[in-house]
1. With a 10 Å cut-off between alpha carbons and a GNM built on the chain, which of 94, 117, 130 moves the most?
2. Once you place label points 7 Å from the Cα toward the Cβ at residue 156 and residue 32, how far apart are they in nm?
3. How much net charge surrounds residue 87 when only other residues with a Cβ under 14 Å from its Cβ are counted (Lys, Arg +1; Asp, Glu -1)?
4. What net charge is computed for the residues neighbouring residue 45, neighbours being all others with C-beta under 14 Å from the C-beta of residue 45, Lys and Arg scored +1, Asp and Glu -1?
5. Under the 0.36 nm per residue contour assumption, what length would be gained going from the current alpha-carbon distance of residue 16 and residue 47 to full extension?
6. Just to confirm a number: summing +1 for Lys and Arg and -1 for Asp and Glu over residues other than residue 25 whose beta-carbon lies under 13 angstrom from that of residue 25, what do you get?
7. Among 41, 102, 78, which residue has its Cα furthest toward the positive end of the charge dipole of the chain, with +1 on Lys/Arg Cβ and -1 on Asp/Glu Cβ?
8. Against the globular-protein guess of 2.2 N^0.38 Å, express the Cα radius of gyration of the chain as a ratio, rounded to two decimals.
Amino acid sequence: MSEPHFLKSLGRLADLRAREVERLSADFASREATRSRFLGNLARLEKLCETSGASGAPLQTGRSGLPGARLSPSLSLNCGSYKQAVLRMAHAHRVDLALHEADMAIARRALIAAARRRDAINKELARQQRTVRRSQNTREQKRQDDLALEVWRRGRK
């Protein structure tokens, strides 16, 4: 394989590795945005649970100033069911978040591996380019020396 063709192939491989890293970076950023949405949803769900009180209803104060819920039993039951549904949804979100974070860990490892491959190819490409430049400089210097020797020989005749 000729040197320029080899360098061109190695350069193409380096470009492919760089594109792979860019693609994986974009994918990871998308996953991070999804994770942020999960966390925001969980915070809102937890806030809903906190503000609904122990029985599922907001706390009200009675005539004596002490907190006491003044809800009918059916409304209290409805509020309790609501709070349980919110808690179940928050639990499902936590499970989904844990699975998503596991996927993110796999994506992170793939991104790191791709970056390492890209860096290794780039180092090899730079090394090969230096070798080719050195070889070209040596050939050019030899050509110049041969020309100078020829001019010197003609001048001595």
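1. 130
2. The modelled label-to-label distance comes out at 7.0 nm.
3. +3
4. Counting the neighbours of residue 45, the net charge comes to +3.
5. Numbers: separation 31, 0.36 × 31 = 11.16 nm, distance 4.67 nm.
Contour length minus Cα-Cα distance gives 6.5 nm.
6. Numbers: positive: 17, 19, 23, 31, 108, 118; negative: 20, 22, 27, 32.
Summing Lys and Arg as +1 and Asp and Glu as -1 gives +2.
7. The Cα lying farthest towards the positive end belongs to 102.
8. Numbers: Rg = 35.3 Å, N = 157, 2.2 N^0.38 = 15.0 Å.
Cα-based Rg divided by the globular estimate yields 2.35.
Each reported figure results from applying straightforward, stated rules to the coordinates on display, with no laboratory input. As the structure is a prediction and not an experimental result, all values here were calculated from the model. Ideal geometry is used to build each Cβ from the backbone, glycine not excepted, and the neighbour counts take in all protein chains shown.
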